[in-house]
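Worksheet for the structure shown next.
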Amino acid sequence: MPAKINFFTEETDFKLKNKKTLRTWIEQTLLAEKRILKEINFVFCNDAYLLKINQDFLQHDTYTDIITFDNSETAEEIVSDIFISVERVAENAKSFQTPFLQELHRVMIHGVLHLAGYKDKSAKDVKTMRSKENFYLSSLEPV
């Protein structure tokens, strides 16, 4: 099965641009992290949609920008569904005073890095995750 990165929307009219560039970037990131990409489905949605997923699957009653479901059968092979609230990303971009696309790309690569084995529960893990995010964001061609 050839590697696939798919982009979908649910309950939003968001349109992702430069899909080919983003696919290449994610593929290169996983290659650098020594992972085998099988399939990633990015689903861009609104806050209400992602809140419902958070409640139903994780028993969390909070808004979030991303939920990554790792459906992989081995640590090396990546199969995943990644849900991203574009409303939350826009709100975070405003709060962090950063451009929307930059924040969106950070959130996207954050989910991919979770699939590569990185965590963000401890202060040390967060520092490593941020460093990796920044490293891979710097390799993304301007889109």
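Data overview
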| item | result |
| --- | --- |
| Cross-link reach list, lysines versus Lys15, counting only Cα pairs under 28 Å and skipping chain neighbours closer than eight places | Lys4, Lys38, Lys52, Lys94, Lys132 |
| Relative counts (whole %) of C-alpha pair distances in the stretch 1-77, using bins that are 10 Å wide | 16, 41, 34, 8 |
| Rg/Rg_ref, the chain, where Rg_ref = 2.2 N^0.38 Å and atoms are Cα | 0.99 |
| Debye, to nearest 20: dipole size of the chain, +1 on Lys, Arg Cβ, -1 on Asp, Glu Cβ | 560 debye |
| Under Karplus coefficients 6.51, -1.76 and 1.60, residue-wise ³J(HN,Hα) of the stretch 21-27 in Hz, glycine/proline x | 4, 5, 4, 4, 4, 5, 4 |
| The chain, helix-only ellipticity at 222 nm - DSSP H runs n ≥ 4, -39,500 (n - 2.57), divided by all residues, nearest 500 | -16000 deg cm²/dmol |
| Overall Cα dimensions of the stretch 64-113, principal axis frame, Å, largest first | 38, 15, 11 |
| Nearest-0.05 FRET efficiency for Glu11 and Asp61, computed from C-beta distance (R0 22 Å) | 0.70 |
| Dipole of the stretch 4-139, positive direction: furthest Cα of Ser72, Phe44, Thr98, with charges on the beta-carbon | Thr98 |
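Every read-out reported here was derived from the displayed coordinates using simple, explicitly stated rules and does not represent laboratory data. Since this is a predicted model, take the numbers as computed values, not measurements. In this analysis, Cβ positions are derived from the backbone assuming ideal geometry, glycine residues included, and neighbour counts consider all displayed protein chains.
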